[in-house]
1. Where nothing but the Cβ of Lys and Arg (+1) and of Asp and Glu (-1) is charged, how large is the charge dipole of segment B:11-95 around its Cα centre, in debye to the nearest 20?
2. Per residue in segment A:87-103, which ones lose no less than 40 Å² of accessible surface when going from chain alone to all protein chains (1.4 Å probe)?
3. Summing both sides, how much accessible area is buried between A and B? Use a 1.4 Å probe and give Å² to the nearest 100.
4. If amide hydrogens are placed 1.01 Å from N in the peptide plane, which non-local residues have theirs closer than 5 Å to the one on A:ALA86?
5. Treating the beta-carbon of each Lys and Arg as +1 and of each Asp and Glu as -1, no other charges, what is the dipole magnitude of chain A about its Cα centre, to the nearest 20 debye?
6. When all protein chains stay in place, what accessible area (Å², nearest 10, 1.4 Å probe) is found for A:ARG51?
7. So, in nm, how far is label A:LYS57 from label A:LEU112 when the simple model puts each one 7 Å beyond its Cα toward the Cβ?
8. Once the cut-off is 18 Å, how many percent of the Cα-Cα pairs in segment A:1-65 end up in the long-distance tail?
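The values are calculated or read from the model by the stated rules, or taken from the named source; none is laboratory data. Since this is a predicted model, take the numbers as computed values, not measurements. Note that each Cβ is placed from the backbone with ideal geometry, even for glycine, and that neighbours are counted across all protein chains shown. The area values use the complete protein model at the heavy-atom level, side chains included, leaving out ligands, DNA and RNA. Shrake-Rupley method; radii C 1.70, N 1.55, O 1.52, S 1.80 Å.
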Amino acid sequence: GENVEQHPSTLSVQEGDSAVIKCTYSDSASNYFPWYKQELGKRPQLIIDIRSNVGEKKDQRIAVTLNKTAKHFSLHITETQPEDSAVYFCAASPGGGNKLTFGTGTQLKVEL
Amino acid sequence: KAGVTQTPRYLIKTRGQQVTLSCSPISGHRSVSWYQQTPGQGLQFLFEYFSETQRNKGNFPGRFSGRQFSNSRSEMNVSTLELGDSALYLCASMGAEDTEAFFGQGTRLTVV
């Protein structure tokens, strides 16, 4: 089955700096890659997603890049703010249903 | 429109007992997936139901089972509870395939 690795497990940045989180996946059949943000005590919420026919997608301060050949995808957050502090999860799906394989999460802390 | 609703929010059970958790998806969504979230293992996929049929299954023992009703509401059952089953159980509903999976607030299960 699919295996998703995520790095780093913790990331601390200064407000205004950029943050990058990287994930690799193993199943070449995976074609949908969402990123979720989970604040303490809250549900995971989608922040951005990308499909395998797209190499990059951007939404304001957030961008995701996908390299299908290398089987890795990355989340980029620019101009970080304290409210960006949360746990971020990458995930991969082979399509054919609502089945996500998640990475182990990255605790992002944005310091003032 | 109303989001994904999970009941109950909190549950304390004794080892050996069984438990049933409920998930009401967003209106019109026919796919419901269940995930177990623990600090050590992260978010792990349990199973997915679509139109009352199990469409995907994760690597959990047979003590974990589920079902879906004609109104798309889903239930998850865990029999013969073990201490290691203590976790946050999240369900997610999805409309069209490979689109955003919306998570419920989760049910926090504690096994003592």
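1. Working: 8 positive and 5 negative charges, 17 e Å.
The dipole of segment B:11-95 has a size of about 80 debye.
2. A:GLY96, A:GLY97, A:ASN98, A:LYS99, A:LEU100, A:PHE102
3. Its buried surface, counting both partners, is about 1800 Å².
4. A:LEU108
5. Numbers: 12 positive and 13 negative charges, 80 e Å.
In debye, rounded to 20, chain A gives about 380.
6. Near enough 90 Å² of accessible area.
7. Distance between label points: 3.5 nm.
8. Working: 984 of 2080 pairs.
Here the long-distance tail beyond 18 Å is 47 percent of all Cα pairs in segment A:1-65.
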